[in-house]
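Asker: Submitted below is the structure of interest, expressed as structure tokens.
The values are calculated or read from the model by the stated rules, or taken from the named source; none is laboratory data. Computed from a predicted model, the values in this text were never measured in an experiment. All Cβ positions, glycine included, derive from the backbone under ideal geometry; neighbour counts span all protein chains shown.
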Amino acid sequence: MTDQKPNRLSRKVGQIGLAIVAALAVVIALASPAYANFPHFKTASVSLANSSMAGARTAASSASASAQLPDLLFSWTEVGVGSPDVVYSLSTVVTATFGCVNGGGKHPTASNKTTITAPAQTSVELAADKNGKITGSAILDTGAVSLGGFSCPSGQTLVALSATFTHNKITDETNGVTATDGDISVILGP
């Protein structure tokens, strides 16, 4: 009988060891997705979508001037997403000055200009790759910025003179992560 006690004891130790190993395997399996789901932006930037509109002032004719503001291009890489589909919100605050130019492409010294400040925002949904990474880019259309009732007198054309885009943000709405980028200022008209 003395030989059976060590056998029983070793079986008990083996069973307890097996239970500990199984418990650790469950903890590790549950912790892996949590570790993978640590979303953060690796890169994030905002630039003018059409860089040709960002040129310096020129003595161009009023035909080349436009009341249209440039759109913004948001680009980013987010890692650790863990979720297959992510909704991103892209936002900026636009401060733009509009004025009137005469037929010679000159901005009269009169006070026929207006400055507006308005938010602009859009959203996009993108899918993560198998590693939980999303590399995305999207254009924020600034054409919805309204001038209200401002208009030019007869013989003059409405143009965008300058614009500043501040509070440029890319927000991962699904995971609650935000990246910001610097302000952008551009001279657009005469």
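Asker: Has region 96-112 got any residue that is within 30 Å of Ser83 (Cα to Cα) and either modelled with pLDDT under 95 or among the hydroxyl-bearing types (Ser, Thr, Tyr) (or both)? Show your work before the answer.
Answerer: Initially, region 96-112 is screened for residues within 30 Å of Ser83 (Cα to Cα), giving none.
Within region 96-112 (the criterion being within 30 Å of Ser83 (Cα to Cα) and either modelled with pLDDT under 95 or among the hydroxyl-bearing types (Ser, Thr, Tyr) (or both)), the answer is no, since none of the residues qualifies.
Asker: Consider Tyr35 carefully, then state whether it is modelled with pLDDT under 75, outside any loop (DSSP other than H, G, I, E, B) and of a type in the set (Phe, Trp, Tyr). So that I can check it myself, show each step before the final result.
Answerer: Values: modelled with pLDDT under 75: yes; outside any loop (DSSP other than H, G, I, E, B): yes; of a type in the set (Phe, Trp, Tyr): yes.
For Tyr35, the condition - modelled with pLDDT under 75, outside any loop (DSSP other than H, G, I, E, B) and of a type in the set (Phe, Trp, Tyr) - is met.
Asker: Out of region 164-177, which residues are in contact (Cβ under 8 Å) with a residue 60 or more places away in the chain and surrounded by fewer than 21 Cβ atoms within 10 Å (Cβ to Cβ)? It would help to see each step written out before you state the result.
Answerer: If we filter region 164-177 for residues that are in contact (Cβ under 8 Å) with a residue 60 or more places away in the chain, which is where we start, we get 164-175, 177.
Result: Thr164, Thr166, His167, Lys169, Thr171, Glu173, Thr174, Asn175, Val177.
Asker: Just to be sure, is Lys12 exposed (fewer than 12 other Cβ atoms within 10 Å of the Cβ), part of a helix (DSSP H, G or I), more than 35 Å from the chain's Cα centre (by Cα) and modelled with pLDDT of 70 or more?
Answerer: Values: exposed (fewer than 12 other Cβ atoms within 10 Å of the Cβ): yes; part of a helix (DSSP H, G or I): yes; more than 35 Å from the chain's Cα centre (by Cα): yes; modelled with pLDDT of 70 or more: yes.
Taking the combined requirement at face value, the residue satisfies it.
Asker: If you don't mind, another one. May I ask you to list the residues in region 113-128 that are over 16 Å from Thr92 (Cα atoms) and either modelled with pLDDT of 95 or more or in a strand (DSSP E or B) (or both)? Write out each step before concluding.
Answerer: Applying the first criterion (over 16 Å from Thr92 (Cα atoms)) to region 113-128 yields 113-115, 125-128.
Answer for region 113-128, where residues must be over 16 Å from Thr92 (Cα atoms) and either modelled with pLDDT of 95 or more or in a strand (DSSP E or B) (or both): Lys113, Thr114, Thr115, Glu125, Leu126, Ala127.
Asker: Taking Gly143 and the conditions (1) under 21 Å from Asp71 (Cβ atoms); (2) in contact with a strand residue (DSSP E or B) (Cβ under 8 Å, 6 or more places away or on another chain); (3) modelled with pLDDT under 95; (4) of a type outside the set (S, T, N, Q), which numbered condition does it fall short on, given that it satisfies the others?
Answerer: Condition (2) is where Gly143 drops out.
Asker: Follow-up question, since we're still on this one. So which of Leu188, Leu90, Leu161 is buried (at least 16 other Cβ atoms within 10 Å of the Cβ) and either among the polar types (S, T, N, Q) or modelled with pLDDT of 95 or more (or both)?
Answerer: Only one candidate passes the filter, namely Leu90.
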